[in-house]
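Engineer: Input: one structure, supplied below.
The values are calculated or read from the model by the stated rules, or taken from the named source; none is laboratory data. A quick note: this is a predicted structure, and the numbers were derived from the prediction, not measured. Backbone-built Cβ (ideal geometry, glycine too); neighbour counts: all protein chains shown.
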Amino acid sequence: MSKILTIDQGTTSSRSIIFDINGDIEQIAQEEYPLIFPNDGWVEIDPEDLYKSVTNTLNQLDLTNVEFGGITNQRETTIIWDKNTLKPVYNAIVWQDRRTSAYCNEIATKTNQSLIKQKTGLLIDSYFSATKIKWILDNVNGVRNRAEAGELCFGTVDTYLMYRLSEGKIFKTDITNASRTMLFNINSLSWDKDLLKLFDIPSSLLPEVVHSDSNFGTIEKFENISIHAVLGDQQAALFGQGCLEKGQLKSTYGTGCFVMVNVGEEPVISDDGLLSTIGFSLNGAIYYAIEGSIYASGTTVQWLRDNLQFFETSDQSEPYLNENGNANNVLFVPAFTGLGAPYWDSDIRASFHGITRDTSRPDLINAAFNSITYQTKDIIDCLTRSGIEVKSLNVDGGMTANKTFVKQVANLLNIEVSVPENTESTARGVAILAGIASKTFNLNLISEQKRVSVYPDADAHSLMSKDYKKWKEIILKLLSP
């Protein structure tokens, strides 16, 4: 019984993966599902589509000899459902959703900003779960009364899946997912009464919070597999990349891009637009992290593919890319739903700049990819100003299969970029944590993984740095009142 199941639930697809004793993939199944865009800046998922995508992938695997499992998931995405019928009261409101931005601006007094920052490590922003919960309570008929009567449950995706897969027996989340709700005190490791009062959210809605490597219970619908690890997707990547010591960091390029650094066993509050959060727990110890969140990376590539139809599959973008990012002076602002760290502006929207008569398709594609590396530099610069020395960067996620893009990142940042041989850092990370917790795997599966190093080119760095400065000037002008 040395195999581990990972349920990897992402923003646009779900995957179920079985890892063998060496931490390698033995079986994998994936299913995409659609996002829903009811209004400008709104992003939703039908919870039934999400749940079926998980069960459909599980049904494709041979789970006969799998005893233990882990779950990693898109964070902040908010679901409220009936405690008894298990039926959602509204669609899942996705982390990218900006419908509560105006409300966030209304409550963003200095007192509230300080309160939330000190308790949660977060900023007041519609990105997090608290205002999404409040919106559902205030705008869906009858939901607030049902919540106050104790009839409903709130959960991020991990909680929703465990509740349904256990037929209501597991109502838990882990500390990493809880830390992204804007309701969880990362110092006391508990739901915070002051924040529940601020957002007018009844405590009966909330799941029990436990450590990431706890025994969460059994998902009886699938071979009685016992869940021994739960991590938010970016924390799973941090662990999976082997960032187990203070100062080690990674950047994950998935739907969004998330740079996260392990800051040790005490929280560190950033004053530079970055978030303080919980990284993971291991054998009773809790490791904190600082994170910079970028809303659009893989989303940008999907937009080039599906909306502009520049290529049929994402991997076909690579031949268009130049290692030095040369986009013929075209610049792109990837603000489809606003900008995340370090700007935190919900109103700005995406735009190309510098287009002329001779602008070509490759120019637009390079400009779009450049915007992802430029946002990465924004966050690395913030870390540097916070006193964190960045000598190299571990990267993972679907976009790292694009070797030219990885080279662009190395060139702009002018540092070594390290790519693990197995780029499934998120799914593998939670699998190994579950394996350690169930005494099936050893920690050396993390520390001994093979990597490929990519080094910068001086000329390319010079060219990309000049373009980055122009891009930064445009961003600042767009953000000016």
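Engineer: Do you know which of the residues in segment 426-445 that are crowded, with 17+ Cβ neighbours inside 10 Å and farther than 24 Å from Thr255 by Cβ is modelled with the lowest pLDDT?
Structural biologist: Leu445
Engineer: Taking Thr313 as the residue in question, decide whether it is modelled with pLDDT of 90 or more, more than 19 Å from Gly121 (Cα to Cα) and of a type in the set (S, T, N, Q).
Structural biologist: no
Engineer: Identify all residues within segment 407-416 that are surrounded by 22 or more Cβ atoms within 10 Å (Cβ to Cβ) and among the β-branched types (Val, Ile, Thr); write none if there are none.
Structural biologist: If the condition is that a residue be surrounded by 22 or more Cβ atoms within 10 Å (Cβ to Cβ) and among the β-branched types (Val, Ile, Thr), then Val409 is the only one that fits.
Engineer: Does segment 389-413 hold any residues that are touching a strand residue (DSSP E or B) at 6+ places or on another chain (Cβ under 6 Å), more than 18 Å from Tyr468 (Cα to Cα) and not hydroxyl-bearing (Ser, Thr, Tyr), and which are they?
Structural biologist: Leu393, Asn394, Val395, Asp396, Gly397, Met399, listed by residue number.
Engineer: Applying the selection to segment 301-336, what residues are over 30 Å from Asp347 (Cβ atoms), of a type in the set (Phe, Trp, Tyr) and either part of a loop (DSSP other than H, G, I, E, B) or free of Cβ contacts under 8 Å to residues at least 24 places away in the same chain (or both)?
Structural biologist: The answer is Phe311, and nothing else.
Engineer: Still on this structure, please answer the following. Filter segment 1-47 down to residues that are free of Cβ contacts under 8 Å to residues at least 60 places away in the same chain and hydrophobic (A, V, I, L, M, F, W, C) and give me whichever is surrounded by the most Cβ atoms within 10 Å (Cβ to Cβ).
Structural biologist: Selected residue: Ile45.
Engineer: From the list Ala289, Ala296, pick out the single residue that is crowded, with 22+ Cβ neighbours inside 10 Å and farther than 30 Å from Leu443 by Cβ.
Structural biologist: Ala296
Engineer: Of the numbered conditions (1) modelled with pLDDT of 90 or more; (2) within 24 Å of the chain's Cα centre (by Cα); (3) among the hydrophobic types (A, V, I, L, M, F, W, C), Leu308 satisfies every one except a single condition; which is it?
Structural biologist: Only one criterion in (1) modelled with pLDDT of 90 or more; (2) within 24 Å of the chain's Cα centre (by Cα); (3) among the hydrophobic types (A, V, I, L, M, F, W, C) is unmet by Leu308, namely (2).
Engineer: So which of Asn370, Asn422, Asn411 ends up being in a loop (DSSP other than H, G, I, E, B), touching a helix residue (DSSP H, G or I) at 6+ places or on another chain (Cβ under 9 Å) and not charged (D, E, K, R)?
Structural biologist: On inspection, the qualifying residue turns out to be Asn422.
Engineer: Let me ask something else about it. When you scan segment 27-146 for helices (runs of 4 or more DSSP H) that lie fully inside it, which ones turn up with 1 or more residues that are at pLDDT below 95 and either over 21 Å from Tyr160 (Cβ atoms) or not hydroxyl-bearing (Ser, Thr, Tyr) (or both)?
Structural biologist: 47-59, 101-107, 110-120
Engineer: Then there's this: Based on what the data block shows, is Ile348 β-branched (Val, Ile, Thr) and in a helix (DSSP H, G or I)?
Structural biologist: Judged against the criteria, Ile348 is not a match.
Engineer: Name the residues in segment 234-284 that are farther than 27 Å from Lys439 by Cβ and among the charged types (D, E, K, R), would you?
Structural biologist: Glu266, Asp271, Asp272
Engineer: Can you work out which of the residues in segment 355-390 that are more than 17 Å from Val409 (Cα to Cα), surrounded by 17 or more Cβ atoms within 10 Å (Cβ to Cβ) and of a type outside the set (Val, Ile, Thr) is nearest to the chain's Cα centre (by Cα)?
Structural biologist: This residue is Leu364.
Engineer: While we're here: Please specify each residue of segment 171-223 satisfying the condition of being out of contact with any Phe, Trp or Tyr (no Cβ under 6 Å at 6 or more places or on another chain), in a helix (DSSP H, G or I) and either buried (at least 21 other Cβ atoms within 10 Å of the Cβ) or of a type outside the set (Gly, Ala, Ser) (or both).
Structural biologist: Ile175, Thr176, Asn177, Lys193, Asp194, Leu195, Leu196, Lys197, Leu198, Phe199
Engineer: If I go through segment 236-286 residue by residue, how many of them are among the hydroxyl-bearing types (Ser, Thr, Tyr), modelled with pLDDT under 85 and either within 23 Å of Ile415 (Cβ to Cβ) or surrounded by fewer than 22 Cβ atoms within 10 Å (Cβ to Cβ) (or both)?
Structural biologist: Counting residues in segment 236-286 that are among the hydroxyl-bearing types (Ser, Thr, Tyr), modelled with pLDDT under 85 and either within 23 Å of Ile415 (Cβ to Cβ) or surrounded by fewer than 22 Cβ atoms within 10 Å (Cβ to Cβ) (or both) gives 1.
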